[in-house]
Every structure is written in C-alpha cells, then in structure tokens.
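Below: the structure, in structure tokens.
The values are calculated or read from the model by the stated rules, or taken from the named source; none is laboratory data. Everything quoted here is computed from the prediction, not taken from an experiment. Cβ placement follows ideal geometry from the backbone for every residue including glycine, while neighbour counts extend to all protein chains displayed. When the accessible area is computed, the model is the full protein with side chains, heavy atoms only, and any ligands, DNA or RNA have been set aside. Shrake-Rupley method; radii C 1.70, N 1.55, O 1.52, S 1.80 Å.
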Amino acid sequence: MIVATYSIAACDLERGEWGVAVQSKFLAVGSVVPWAEPEVGAVATQAYANPRYGPAGLALLREGLPAEQVVQRLVAADEGRDERQLGVVDAHGGSAAWTGPDCNEWAGHRTGRCYAAQGNILVGAETVDGLAETFEATAGGGLAERLLDCLAAAHRAGGDRRGQQSASLLVVRRDGGYAGLSDVVADLRVDDHERPVEELQRIYALHDRLFGETPREEWLPLEGALRDEVERRLAGLGYETLDGWAGVENLEERVDGEDAIDPVVLEALRQASP
C-alpha cells in the first residue's frame with residue numbers, strides 16, 4: 001500500500017497537546033498515517049507505509065526513548081525500510097524522521113523543535129518547507145489550528161504531485177476530549193473529497209463550534225434584558241432551560257450553570273429561534 005502524502009507530527013508542550021495532520025492522494029489516509037498519545041508523543045507513518053510503526057513507535061516512546069532512538073529502532077527492525085517514511089515527536093518536543101532512499105520522488109523531511117514534517121511523491125521540497133515554516137511561524141496558537149494552517153500552506157506550495165483525495169487531523173491531550181472523559185481533542189477525517197484540506201478546515205470549524213472553549217471571562221452575564229431574551233427564545237423553541245436546548249443541539253459542552261452564557265451558544269440560540 002503506497003501512501004503518497006505530506007504530513008506533520010507535532011506537539012505544544014505548554015498546552016500538553018500532541019498531534020498529526022496529513023493530506024494525500026489516497027483513500028482515507030487518516031486510517032493509516034496518524035498516531036498520537038498524550039504526554040507520550042506522535043507518529044506519522046507513510047510512503048509504502050508500515051502501519052505497525054504507529055503502535056510500536058508509541059510503545060517505545062512510552063518507555064521514555066527519545067524520538068531519534070525510536071526512529072532508529074523502528075527502521076532497523078524493518079526489512080522494507082528503504083520504502084518507508086516516518087516522523088516522530090516525543091514527550092519533550094524532540095523530533096526525528098526517516099525517508100527511505102527508495103521513496104518516490106520528490107521525497108524528504110524536515111525536523112525542528114516540537115515537529116517533524118515529511119512528504120513523498122511531492123511537487124518538490126517547498127511542500128515540506130511549507131509545513132515546517134508555517135509551524136514555526138504560528139507558535140502561540142492552538143495546535144489543531146496550527147496543523148491545519150500547515151496543511152493549507154503545504155498545499156499552496158504544491159502538495160502531492162498526483163493531486164488530492166483525503167486529509168485528517170488528530171490532536172490529543174490528557175482528559176482534553178469530550179466531557180473530560182477522553183484524551184482525544186480532535187479526530188477528524190475527510191476520506192474522499194476533491195478539496196480535502198478545505199473540507200477538513202470546514203469540519204474543524206463545526207467541531208470547534210460544538211466542543212471548543214471560550215475563555216470564561218468572555219462569557220456574558222445572564223441577567224436583565226439578556227436573560228429575558230434567552231428565556232423568550234428558549235420558550236419559543238419549546239424549552240424551559242438552556243441545558244435542555246443545548247443538549248439537543250450538541251452544545252452541552254459549552255453550557256455551565258445559569259449565571260452566564262457562552263457567546264457561541266447565544267449566537268446559535270439566536271440563529272435557531274425566531
């Protein structure tokens with residue numbers, strides 16, 4: 001299975017997040033390339049992909065091996081190494097990558113603090129440069145948004161020379177997922193689309209609307225005229241409480257008590273009610 005692709009495995013140590021973003025002219029690339037575990041690391045496996053690099057790489061990272069040693073061990077144990085491509089980021093932001101000499105041109109990688117960017121069957125090196133330079137230039141932003149920006153920049157730089165088909169985004173953080181009961185912040189996939197990176201950005205925007213976090217200081221006090229408006233709109237929709245309506249609309253993660261309202265929830269309520 002040849003997975004011609006460009007990807008970036010990365011982390012944000014301050015946020016405690018690790019992730020992988022990938023695009024390819026290959027069906028459902030997100031089912032093969034990205035692997036990540038919070039406080040452990042992230043792995044991207046591609047080219048004539050060896051999917052076992054994912055769980056095996058995470059197991060080595062879990063033991064405390066740095067990214068460079070993980071890559072060395074995985075590659076050394078694989079007779080098909082010359083056709084593989086691999087990127088690894090460890091728990092401390094160390095990174096390493098491998099591009100086998102038999103990977104289809106153009107193929108190569110670039111590593112730096114907290115990221116490993118790699119690609120094969122590309123228009124040229126500028127695609128991988130777009131991944132790396134965008135990641136470096138967006139420091140301070142959310143990891144998911146940065147990884148999506150990296151994919152977009154790589155696509156603009158030329159991307160996969162065969163075209164586009166699928167893309168995915170995986171981001172993990174300890175207890176950072178749904179209801180604080182999962183480590184998966186985002187696991188979004190576009191399996192078959194004419195413009196997969198754009199579609200992945202659209203899906204992420206929906207995801208962020210439902211599961212993103214607005215800083216509490218930006219929430220609006222539910223009092224006076226605003227409380228009256230919210231109650232009127234809820235009643236018009238047939239609900240007695242904000243919790244009840246938000247649960248039906250999948251916005252329950254953005255509701256917390258009755259003293260204040262997330263502006264995202266308020267806007268959704270206004271759009272839904274007469």
**Of all DSSP beta bridges in region 17-134, antiparallel share, percent nearest 5** = 100
**Asked** At a Förster distance of 30 Å, what's the computed FRET efficiency of D175 paired with E218, Cβ-Cβ distance as r, to 0.05?
**Response** 0.85
**Request:** Note down the nm distance, to one decimal, between modelled labels 7 Å out along Cα→Cβ at E194 and at R73.
**Result:** 4.7
**Item:** Contour minus Cα-Cα distance for D228 and E267 (0.36 nm per residue)
**Value:** 12.5 nm
**For the chain, accessible area per residue (1.4 Å probe, heavy atoms of protein chains only), Å²** = 46
**Asked** In units of 2.2 N^0.38 Å, what is the alpha-carbon radius of gyration of the chain?
**Response** 1.13
**Fill in**
Cα extents of region 1-88 per principal axis, largest first, Å, are 34, 26, 15
**Asked** Can you give me the pair-distance distribution of region 114-243, C-alpha pairs, 10 Å bins, whole percents?
**Response** 11, 30, 27, 18, 10, 4, 0
**Request:** Pop a pseudo-label 7 angstrom from the Cα along the beta-carbon direction at both A235 and E136 and give the gap in nm to one decimal.
**Result:** 6.0
**Message:** Among 61-68, 217-224, how do they line up by average Cβ neighbours within 10 Å per residue, starting with the highest?
**Reply:** 61-68, 217-224
**Test item: Cα-centred dipole of the chain, Lys/Arg +1 and Asp/Glu -1 on Cβ, debye** = 960
**Asked** Sorted by mean Cβ packing within 10 Å, highest first, what order do the peptides 115-121, 146-152, 266-272, 96-102 take?
**Response** 115-121, 146-152, 96-102, 266-272
**Request:** Report, to the nearest whole %, how much of the accessible area of the chain belongs to carbon and sulfur atoms, 1.4 Å probe, protein only.
**Result:** 47
